[in-house]
Amino acid sequence: MLASSGSAQGPGERTLTFKERNTRPTLGLIVNPPRSREGGRRSPGDMFIVAQPVFDAANETRVGRVATTCTVIKRGNFDTAGYQCAKSFRLRDGTIEVQGLLGFGRTTVRLAVVGGTQAYEGARGTFEASTSGATATDVIHLLP
């Protein structure tokens with residue numbers, strides 16, 4: 001089951017929990033000019049993309065796919081650079097779109113749910129991801 005219930009939820013609100021296994025994603029890095037002269041540092045305009053399966057909260061059943069694109073907006077290494085990111089969750093009953101500013105040096109990332117399609121048309125709410133080892137837990141809180 002994708003949705004989990006909680007006593008703090010109001011009418012029409014719902015929370016979806018997914019797992020991302022960060023073991024074999026499709027990954028791409030685009031280094032745009034000017035290239036940083038310091039190895040391993042990202043420069044504004046550099047981008048990376050990640051696509052991988054997404055699983056249910058128990059991390060057992062594949063329920064869709066997630067694609068992420070991030071553009072560097074603040075120079076730094078992978079953990080200290082600033083990024084503008086967009087995530088698209090493709091699920092059986094539609095898509096959920098998430099975006100915002102983040103830094104990867106944090107263990108928890110918070111972004112905005114900005115839309116969706118089909119069952120998630122007009123979606124709004126919050127997205128939070130936390131990573132433990134090779135697994136990320138994605139929690140999407142949808143408002144009514």
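The values are calculated or read from the model by the stated rules, or taken from the named source; none is laboratory data. These numbers come from a predicted model, not from an experiment. Backbone-built Cβ (ideal geometry, glycine too); neighbour counts: all protein chains shown.
Mind listing just one residue for me: the one in the stretch 130-144 that is at pLDDT 95 or above and assigned to a strand (DSSP E or B) and, of those, surrounded by the most Cβ atoms within 10 Å (Cβ to Cβ)? My answer is I140.
Take the conditions in a strand (DSSP E or B), under 18 Å from K19 (Cα atoms) and of a type in the set (F, W, Y) and apply them to F127. Does it pass? When the stated conditions are applied, F127 passes them. Among residues that are modelled with pLDDT of 90 or more, acidic (D, E) and farther than 17 Å from T15 by Cβ, E121 is included.
Residue by residue through the stretch 90-132, note down the ones that are touching a residue at least 60 places away in the same chain (Cβ under 8 Å) and of a type in the set (S, T, N, Q). Residue satisfying the conditions is T131 alone.
Every residue, every condition in (1) surrounded by 16 or more Cβ atoms within 10 Å (Cβ to Cβ); (2) polar (S, T, N, Q); (3) more than 16 Å from F18 (Cα to Cα), yes or no:
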site: P33; (1), (2), (3): no, no, yes
site: M47; (1), (2), (3): yes, no, yes
site: T68; (1), (2), (3): yes, yes, no
site: Y83; (1), (2), (3): yes, no, yes
site: A86; (1), (2), (3): no, no, yes
site: G103; (1), (2), (3): no, no, yes
site: R110; (1), (2), (3): no, no, no
site: V113; (1), (2), (3): yes, no, no
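Could you tell me whether any residue of the stretch 73-86 is among the polar types (S, T, N, Q) and either under 11 Å from the mean Cα position of the chain (by Cα) or at pLDDT 95 or above (or both)? Looking through the stretch 73-86, none of the residues is among the polar types (S, T, N, Q) and either under 11 Å from the mean Cα position of the chain (by Cα) or at pLDDT 95 or above (or both). Residues that are farther than 13 Å from V50 by Cβ, touching a residue at least 24 places away in the same chain (Cβ under 8 Å) and of a type outside the set (G, A, S) within the stretch 79-88 comprise D79, T80, listed in sequence order.
For the stretch 75-116, what are the residues that are closer than 26 Å to P144 by Cβ and part of a loop (DSSP other than H, G, I, E, B)? R92, D93, listed by residue number.
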